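First up is the structure itself, then whatever we jot down about it.
The values are calculated or read from the model by the stated rules, or taken from the named source; none is laboratory data. In this text, all values refer to a predicted model and were calculated from it rather than measured experimentally. Cβ: placed from backbone, ideal geometry, glycine included. Neighbour counts: every protein chain shown.
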Amino acid sequence: MKRLLILTPLILGLLAALTACSSSVSNSETLTTTPTSTLTSTSNLIEKYDDEWAKAQVIFYLENLAESAEAIRYLADLIDVGWLEARYDDYYVDSEFGGHKDSGWDVYFRPYDRNKLKYEYWGNLNWNVFKDNYVTEGSDDALRVKADLLELNQQ
């Protein structure tokens with residue numbers, strides 16, 4: 001419960017920043033397409049796979065990795081210097097990775113100013129998002145962030 005109270009403002013701040021960034025970027029600058037493929041699961045629930053869903057999965061994934069106060073601060077520092085951008089590629093939809101079906105969405109971290117990054121590798125982060133909400137690192141630098149968070153949890 002205590003962790004949820006700490007992370008809630010972080011989530012709300014990030015979502016506000018994402019909304020502000022997406023509204024300030026013109027359509028010609030945006031590389032993101034937003035197809036909304038609606039899929040029906042065996043339980044007849046309809047799930048929507050779009051850019052907001054993909055970004056939310058990455059946020060939840062990173063938050064679940066950050067367990068200690070230091071790891072949460074690290075994540076807050078990361079989120080403070082950039083935003084998330086989701087890109088869709090129809091080519092990868094339903095391709096399998098370890099038993100998970102690809103949603104076609106990749107999420108990239110975009111820094112506001114590369115000179116303000118705490119670590120240079122923060123400028124090259126991306127994650128792959130799968131239909132079952134599974135998230136995996138899409139770059140070696142995203143793996144470094146995961147290792148940083150896991151290491152900070154041990155301190």
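Could you say whether any residue in the range 49-68 is out of contact with any His (no Cβ under 8 Å at 6 or more places or on another chain), exposed (fewer than 12 other Cβ atoms within 10 Å of the Cβ) and modelled with pLDDT under 90? No.
Okay, residues lined up against (1) within 25 Å of residue 151 (Cα to Cα); (2) of a type in the set (Asp, Glu); (3) modelled with pLDDT of 95 or more; (4) part of a helix (DSSP H, G or I):
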site: 71; (1), (2), (3), (4): yes, no, yes, yes
site: 75; (1), (2), (3), (4): yes, no, yes, yes
site: 94; (1), (2), (3), (4): no, yes, no, no
site: 107; (1), (2), (3), (4): yes, no, yes, no
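Beta carbons closer than 9 Å, at least 6 apart along the sequence or on distinct chains, pair a first residue in the range 113-141 that is closer than 18 Å to residue 60 by Cα and free of Cβ contacts under 8 Å to residues at least 60 places away in the same chain with a second that is assigned to a helix (DSSP H, G or I) and of a type in the set (Gly, Ala, Ser) for 125/142; 126/142; 136/142.
Filtering the range 77-87 down to residues that are of a type in the set (A, V, I, L, M) and outside any strand (DSSP E or B), which residue is surrounded by the most Cβ atoms within 10 Å (Cβ to Cβ)?
78
Taken residue by residue, the range 88-95 has at least one member that is under 18 Å from residue 52 (Cβ atoms), among the aliphatic types (A, V, I, L, M), over 14 Å from the mean Cα position of the chain (by Cα) and buried (at least 16 other Cβ atoms within 10 Å of the Cβ). Out of everything in the range 127-141 that is under 12 Å from the mean Cα position of the chain (by Cα) and of a type in the set (S, T, N, Q), what residue ends up being modelled with the lowest pLDDT? Filtering first and then ranking leaves 133.
Per the conditions (1) aliphatic (A, V, I, L, M); (2) in a helix (DSSP H, G or I); (3) modelled with pLDDT under 50; (4) under 29 Å from residue 120 (Cβ atoms), the sole criterion not satisfied by residue 4 is (4).
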